[in-house]
Every structure is written in C-alpha cells, then in structure tokens.
Amino acid sequence: MACSKGDTYYLEAEGTTKQTASDSMINTINVCTATKILDRLHREFTEKYVATATTGKTLISDDSRNNPTFYLRAQPPLAQFPAVSGSGTESAGGTSTNRLYNILMASKTADDQIYRSAIHAITYGVYNAGISKTDYLNPPNSYVVPTDFATPVIFKGLYGLNALNAILENMISKNISNINLGDFRTINNNISKYIRDQTTKTTLEEIARRENEIYREKFLHIILVILGIFLVSSQLVKKYFSLGSSGGSSGGFGFGSGNLFTGFGLGTGSGLFSRFGGLGLGRSGRSRLTSMFSNNPYSLSNR
C-alpha cells in the first residue's frame, strides 16, 4: 500500500533507524512508498518457503507461483504444479527443487509450456499456465505501465523492478532541476570555505606541533651542553686542582714545589707554567726576560 503522512519506514536493509514520512520541508512520502515496494520485491525474489506451517515463515501455496523466488530458489514441492521432467505434477512431501535450474538443465525452450510460464512469472510476477509462445515475453493484457506510486501492487517481477527504478530516476532528475542555482552556489561557497578553513587549521596545527618539537630538541641540547660542561670541569678540577699535598708544601692552592701555580716563579718544581719559564717571576723566568734586552740590535754599542 502507498504511504501517507506519519507512516514509518527504513532506508537501509534490516535497518534500525526509523524514518517518518512527511510533506513539510522535504516530501518523503514517495520515498516511504518506494522503500515499501522495494522491500516487497526483495522478498518476492529471495524468500524461502516452507512445506508446513511455521511461525514467521511463509507456507508455499498456489499464490507462490506468481513470485520469482518460486523458480529462482530451491523450494518445497507444490502439489498439482507441473513436474519439470517427464509428465504429471509434483508430489507433495517431496524434496525441495530449484525449478528454473531444472528447466534449463532439461534443455526446455520457448516451445515448452513450463519454460514459458516460468519466464513470464519471473518477468511480470504473474503465473499463466497457458501463456503462448508469442505472448510470454509481453506484459499481461491488463497491465498498465506505472508512472507513479499511486498503485504499488502493480510493481511485480523484473518489469516492476525496472519501472520502480525509472520512476525514481525521473523524480531525482525533477528535484535536481528544481534546485535554485543561487542556493546551490551558496552551498558550494560554504563547502569551499569549510575546506579552506580545515586546510588552514591543519596547517597551523602542524606548525605548532613542529615548533613544540623543535623547542623540546633545543631544551634537550642545552641540558646536554650543561651536563658536558659539568663533566669536563669535574675532570679538570680533579686533575689540576687536587687537594693533595706535594713536595712538603700544603695542599690545595699552596705554593709548594709541585703545585699548579709553581710556574709563577713562587716555587721551584714543575708546575703548569714551569716549562714556559713561568711568567717571569722565577729564576728561569727572570733570566729569559733579562736576556731579551741583553743584545739589543738597536744599541749604540753595536754600531
């Protein structure tokens, strides 16, 4: 049946999100009717029948002959239905049979009544036990090609599925042609602006992330430099500023013969500056300073 305002439907197969048909801003009544027609067609093409009455299942009957699934899927036998092979009818209580498969495997053609009746039922959803060779590919005489969803029951078989698709395509094309181009341009501009803003946001976030990474690296480098200076200074202090005594003099910064500052001329040992003669205050330092002026090339005595 056709939908009316307030009816509920589902857009997705076996969906859980219920939609409500409305004619306010967007008319979804036709959408609701189309989904119900499509659900019925899906069931008529794929449903599995049962031989005995079972809750939630469809019992096979004479009406089942109008549905494509009666021929396309393995179904229980139906009493008084013509047998595919040989003569006679199917026997009730027999094993399930795939009728179209058996018809084709038996090399049946348009010259065989069972072939013509099966093809006609799959195509138009109407079983005709006496359909002729010239008519089995044509719709029934009473059939009217649907142009809307006013009569949902006439959508049957492959022909009905094709008609449903054609109507939906026409409705989509009509709705698209009615779109206000000004509104479309506004929507397009909004989409472009959103994409541009998203790109800018992503770029700024990447810059901020990289800056934080660089700052962390610099901070780590500073820590490593400070640690290195500390280690080097510790080694220098240990080597040159030891508090141990040497040559009978007091330790630390004493002025004994083996101290760090003996090279200042205050001691006689081999300090840090001793090999350079000190700074001119020791014996070797004074001798070298005085010798610098002992032979002055600018002296009058050398002329």
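The values are calculated or read from the model by the stated rules, or taken from the named source; none is laboratory data. This is a predicted model, so every value here is computed, not measured. Note that each Cβ is placed from the backbone with ideal geometry, even for glycine, and that neighbours are counted across all protein chains shown.
For (1) touching a residue at least 12 places away in the same chain (Cβ under 8 Å); (2) in the same structural domain as His42 (by TED's automatic domain parsing); (3) more than 22 Å from Ile167 (Cα to Cα); (4) of a type in the set (Asp, Glu), each residue gets a yes or a no:
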residue	(1), (2), (3), (4)
Ser107	no, no, yes, no
Asp111	yes, no, yes, yes
Ala118	yes, no, yes, no
Ile122	yes, no, no, no
Tyr127	yes, no, yes, no
Lys133	yes, no, yes, no
Ala150	yes, yes, no, no
Phe155	yes, yes, no, no
**Prompt:** Being outside any helix (DSSP H, G or I), closer than 23 Å to Ser64 by Cβ, in contact (Cβ under 8 Å) with a residue 40 or more places away in the chain and over 47 Å from the mean Cα position of the chain (by Cα), is that true of even one residue in segment 138-145?
**Reply:** no
**Prompt:** Conditions: (1) surrounded by fewer than 16 Cβ atoms within 10 Å (Cβ to Cβ); (2) within 34 Å of the chain's Cα centre (by Cα); (3) not aliphatic (A, V, I, L, M). Ser4 meets all but one. Number of the miss?
**Reply:** (2)
**Request:** Sort through Ile195, Ile187 and tell me the only one that's modelled with pLDDT under 85, outside the structural domain of Ser4 (by TED's automatic domain parsing), in a helix (DSSP H, G or I) and over 30 Å from His42 (Cβ atoms).
**Result:** Ile187
**Fill in**
In segment 100-127, anything surrounded by fewer than 19 Cβ atoms within 10 Å (Cβ to Cβ) and among the hydroxyl-bearing types (Ser, Thr, Tyr) is listed as Tyr101, Ser107, Thr109
**Complete:** Within segment 50-99, of all residues that are touching a residue at least 40 places away in the same chain (Cβ under 8 Å), touching an Asp or Glu at 6+ places or on another chain (Cβ under 9 Å) and part of a loop (DSSP other than H, G, I, E, B), the one surrounded by the fewest Cβ atoms within 10 Å (Cβ to Cβ) is Pro68
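Residue by residue, here is whether (1) touching a Cys at 6+ places or on another chain (Cβ under 9 Å); (2) farther than 21 Å from Ile167 by Cα; (3) at pLDDT 90 or above holds:
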position: Glu14; (1), (2), (3): no, yes, no
position: Lys18; (1), (2), (3): no, yes, no
position: Ile29; (1), (2), (3): yes, no, no
position: Leu38; (1), (2), (3): no, no, yes
position: Thr55; (1), (2), (3): no, yes, yes
position: Asp62; (1), (2), (3): no, yes, yes
position: Arg65; (1), (2), (3): no, yes, yes
